[in-house]
Each structure stands twice: as structure tokens, then as C-alpha cells.
Amino acid sequence: MDILQDLDKRGLINQTTDLEGLKKKLATEEVTLYCGFDPTGDSLHIGHLVPLTMLKRFQKAGHKPIALVGGGTGMIGDPSGRSSERSLNTTEVVKGFSDKIRQQIVRFLDVDNSNEENPVVVRNNHDWLSQMTVIDFLRDAGKHFGINYMLGKESVSARIEQGISYTEFSYMILQSLDFQKLYEEENCTLQIGGSDQWGNITAGMELIRRSREDQTEEINVYGLTVPLITKADGTKFGKTAGGAIWLDPVKTTPYEFYQFWINTDDRDVIKFLQYFTFLSDEDMEALEWEVANQPGQRVAQKRLAEEMTRSLHGQEALDQAQKITTALFSGDLSSLTADEIKQGFKDVPASDVEKADIGLVDLLVEAGISSSKRQAREDINNGAIYINGERNQDVSHVVSGSDRIEDQFTIIRRGKKKYFMIQFN
């Protein structure tokens with residue numbers, strides 16, 4: 001099965017500019033392709049895993065992928081899919097964002113250990129866009145774009161009524177320059193991106209062709225977009241009650257990342273396995289059987305969570321996420337390290353307490369777990385209080401070093417589900 005057949009089977013092709021021409025090119029030569037990632041924040045999110053995984057797929061098929069960090073275009077802002085103007089960030093902020101995003105891309109694509117014959121290349125368009133003068137921009141690029149052509153693009157036409165600045169109006173030309181630059185320097189002939197990037201991709205192809213109209217060489221460049229991921233329940237992919245799922249392990253811990261995939265709906269899990277993993281047909285068939293016949297075992301969800309957490313954060317982080325999951329399920333929290341406690345209880349109410357022995361009743365009141373000493377005693381006597389997963393019904397109990405995990409944390413549970421993290425300073 002060739003790369004396009006595989007992508008089509010997985011439901012990963014939304015649009016292509018010349019499907020037959022691209023098929024022939026991919027079948028007969030090594031193709032250099034790229035995908036851009038603008039630094040609009042300090043982290044990519046899991047929506048970016050689709051194009052990142054696409055770059056991996058092309059690499060495994062023998063082609064040469066380029067991941068382009070948009071340090072230059074990120075100074076402007078892509079109007080695609082937006083109803084209002086972006087706030088412009090300073091040069092220093094965009095550079096900081098770019099550096100962090102580059103680190104995430106390098107980690108996921110394993111750039112340092114890539115196949116020597118077709119290694120993943122990471123570039124930054126700030127390197128060339130920042131060197132271009134306004135006269136160069138207007139003469140060498142702007143002259144190839146008619147106003148009517150630009151107005152016909154969805155990213156622009158959708159904003160006409162609300163208003164669009166010349167800055168964002170010009171964004172597609174900047175992205176077109178990226179394709180032209182990579183075509184000239186890397187022989188890059190294919191750009192991939194999300195479905196909202198179709199207009200920008202075809203504009204880049206147009207610039208390459210128009211800027212070479214007086215040359216005899218045949219211009220064969222292509223564009224391919226991946227579909228927008230939707231969930232069966234109608235909610236947005238990658239969003240939870242706590243917000244977006246980020247690729248930065250500080251913003252979304254490996255445990256949280258693992259839990260996101262574990263909680264995948266049965267109706268979505270096979271589709272996500274097709275989109276994001278490299279499992280064999282035999283494995284996929286076995287997992288489809290599990291979903292159909294033993295959904296309660298959540299075998300497919302566990303495999304999805306394992307594959308995704310390992311690919312982004314590594315085996316050690318996966319082991320840690322699974323250890324936290326097991327400890328929380330069993331209630332045995334004493335086996336966790338301080339770092340694992342911070343991951344597993346990142347979003348529960350937390351209180352800072354002086355590092356000294358303290359009576360359990362006093363601690364419950366000081367941390368706001370019980371409303372009064374009388375209520376605290378009732379909670380303890382009724383068996384509603386757990387210390388690090390162990391029920392404690394001793395109203396005279398003193399919380400001491402033996403109750404502190406790595407001398408830093410104590411986890412109090414009140415009732416069945418209300419957790420509180422005590423941090424001792």
C-alpha cells in the first residue's frame with residue numbers, strides 16, 4: 001500500500017490539488033514536503049498531532065519532511081478560521097514561543113535520531129522573512145497576487161464584513177513565500193496542513209508558478225490538507241473541562257495527557273487509532289473486536305493512551321502515568337513520589353501548611369476541608385476522612401512526617417471523591 005492509499009484508508013485526506021499527479025510523484029521519487037506551525041502561544045496542542053503524525057508517515061514511506069516553525073508569520077497572525085483580528089505579540093515573545101514549539105516538534109519527530117537517509121528538518125521562516133525589505137516584498141511577491149484572487153480566499157472573504165487589516169490580509173503572501181523558499185532551497189514540492197490552510201497552500205503554489213512563468217522548467221507542486229477532527233458527541237476535539245490538551249508537559253502533564261486518551265468515547269477510539277498511531281491491520285482488527293464485544297474493558301482506549309503518551313513523552317513518562325492511574329484507582333497513594341502526586345492532583349484544591357506536626361482536626365479546618373472542628377470530628381468519626389488513601393477514624397491523630405509523601409505532600413480525601421492536596425513548606 002502506498003502512502004496516499006494508507007492516508008485515504010485512515011480518513012486523513014481532505015483535499016488534494018492534483019491527486020493523480022501526486023500519486024505518480026510519490027511512487028517514483030523521494031518527495032520533500034513541509035508543514036508550518038505558527039507560534040501563536042507557548043505550546044502546540046493535540047490538534048497539531050495530526051499534521052505532525054502526517055510528517056512521520058511520509059518519512060516512514062521514504063520521503064523527506066520539513067517542520068517549519070513560523071517565527072516570521074507568527075509576528076503577523078493567520079486570519080484563517082478567525083472572526084476577529086489577532087493581538088500582535090512582541091518580537092521577544094514570538095521568539096520565546098518559537099523556541100518552545102521547536103523543542104516540542106523535535107521531541108515528537110525524534111529529529112536527532114531520524115533515519116539518516118531522510119531526516120526530519122526543522123526550519124524557521126523568521127530566517128528569511130525578517131531579511132526581506134518592504135520593497136522586495138511588494139516587487140517580488142505582491143505583484144503576483146491580484147486583489148480579486150486574494151478576496152476569493154475563504155480566510156479573507158469570511159472577514160470582509162467584520163473587517164480585516166492589511167497586515168492579516170497579507171498573511172497568505174508571507175506563507176506563499178515560505179513554499180517558494182523551500183521549493184528553491186530544499187526542492188520542496190508538497191505542502192500539507194489543516195483544512196483551514198487550503199487557501200494559503202494554493203496561494204503558495206500560485207506564487208511558485210507565477211514567479212517562474214518565463215522559465216522553461218516544468219513546475220509540479222502540490223497541496224494536501226487533512227480533515228478537521230470531530231468527536232461523536234459534537235464537542236471540539238482536544239478540549240476538556242480543564243481547557244486545551246497541550247503538548248508541553250508543564251501545561252498538560254503526561255498523566256493528564258494519558259487520561260485524555262483513556263477517556264476517549266467508544267465511538268471515536270478506532271478513528272483516533274487510525275489517525276494517530278502506526279498499528280498494524282491485525283492490531284486494529286483486534287481492537288475493533290474489543291470495542292464491539294468488550295467495551296467495558298476499554299482495551300482500545302488503553303492502547304491509544306499508551307501509544308500517544310509514549311510517542312510524545314517517552315516510555316518513562318508513560319510508566320509514570322500508568323503508575324499514577326493504578327494508585328488512584330486502588331487508593332494506595334503512599335507508593336507515589338512527590339512528582340507523581342503533583343501530576344495526579346494538579347487540579348484538586350491545594351493548601352500550603354507550615355511543615356510541623358499538626359492535629360488532624362486542626363489540619364482539616366485550616367485547609368478548608370471541614371467547616372469547623374465539630375464538623376471535622378464528625379467527618380473523622382464517620383469514616384469520611386482518608387490520609388494518602390487510608391481511612392483514619394482517630395480524632396486525636398497527629399499528621400506528622402510519616403504522613404507526608406517525600407516530606408512534601410499529604411493527600412486528604414473527604415467522602416468518595418473530594419480530594420485535597422496539602423503541601424508542607
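The values are calculated or read from the model by the stated rules, or taken from the named source; none is laboratory data. Here the structure is a predicted model, which means the values were calculated and not measured. Cβ sites come from the backbone with ideal geometry, for glycine too, and all protein chains shown count toward neighbours.
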Requested in this report: Examine segment 389-410 for a residue that is of a type in the set (Gly, Ala, Ser), on the phi > 0 side of the Ramachandran plot and in contact (Cβ under 8 Å) with a residue 40 or more places away in the chain, and state whether such a residue exists.
Outcome: yes
Query raised in the report: Only one of these conditions is not met by Lys355: (1) within 41 Å of the chain's Cα centre (by Cα); (2) of a type outside the set (Gly, Ala, Ser); (3) modelled with pLDDT of 95 or more. Which number is it?
Result: (3)
Query raised in the report: In segment 185-204, which residue that is among the small types (Gly, Ala, Ser) and touching a Leu at 6+ places or on another chain (Cβ under 9 Å) is surrounded by the most Cβ atoms within 10 Å (Cβ to Cβ)?
Result: Gly204
Query raised in the report: Can you name the residue in segment 198-221 that is among the polar types (S, T, N, Q) and part of a helix (DSSP H, G or I) and, of all such residues, is nearest to Thr16 (Cα to Cα)?
Result: Thr202
Query raised in the report: Are any residues in segment 268-287 loosely packed, with under 13 Cβ neighbours inside 10 Å and charged (D, E, K, R), and if so, which ones?
Result: Asp281, Glu282, Glu285
Requested in this report: Identify all residues within segment 313-330 that are small (Gly, Ala, Ser) and either exposed (fewer than 13 other Cβ atoms within 10 Å of the Cβ) or without any contact (Cβ under 8 Å) to a residue 60 or more places away in the chain (or both); write none if there are none.
Outcome: Gly314, Ser330
Report task. Residue by residue through segment 342-351, note down the ones that are assigned to a helix (DSSP H, G or I) and touching an Asp or Glu at 6+ places or on another chain (Cβ under 8 Å). Result -> Gln343
Requested in this report: Kindly indicate the residue of segment 20-74 that is touching an Asp or Glu at 6+ places or on another chain (Cβ under 7 Å) and among the polar types (S, T, N, Q) and also farthest from Glu186 (Cα to Cα) among those meeting that condition.
Outcome: Ser43
Query - When residues of segment 118-136 are limited to those that are of a type in the set (D, E, K, R) and closer than 24 Å to Thr32 by Cα, the one surrounded by the most Cβ atoms within 10 Å (Cβ to Cβ) - result: Arg123
**Report entry** Qualifying residue in segment 286-309 (condition: of a type in the set (Gly, Ala, Ser), in a helix (DSSP H, G or I) and under 16 Å from the mean Cα position of the chain (by Cα))
**Finding:** yes
**Report entry** Set Asp268, Asp233: member being part of a loop (DSSP other than H, G, I, E, B), touching a residue at least 24 places away in the same chain (Cβ under 8 Å) and not assigned by TED's automatic domain parsing to the domain that holds Arg57
**Finding:** Asp233
**Report entry** Of all residues in segment 83-117 being in contact with a strand residue (DSSP E or B) (Cβ under 8 Å, 6 or more places away or on another chain), buried (at least 18 other Cβ atoms within 10 Å of the Cβ) and not basic (Lys, Arg), the one that is farthest from Glu154 (Cα to Cα)
**Finding:** Leu109
Query raised in the report: Given the conditions (1) crowded, with 17+ Cβ neighbours inside 10 Å; (2) under 30 Å from Gln103 (Cα atoms); (3) not basic (Lys, Arg), which single one is not true for Glu290?
Result: (2)
Query raised in the report: What about Leu207, is it in contact (Cβ under 8 Å) with a residue 60 or more places away in the chain, assigned by TED's automatic domain parsing to the domain that holds Gly142, crowded, with 20+ Cβ neighbours inside 10 Å and under 25 Å from the mean Cα position of the chain (by Cα)?
Result: no
Requested in this report: Please determine, by comparing only the residues of segment 142-167 that are closer than 21 Å to Cys35 by Cβ and either in contact with a Phe, Trp or Tyr (Cβ under 7 Å, 6 or more places away or on another chain) or outside any loop (DSSP other than H, G, I, E, B) (or both), which one is modelled with the highest pLDDT.
Outcome: Glu154
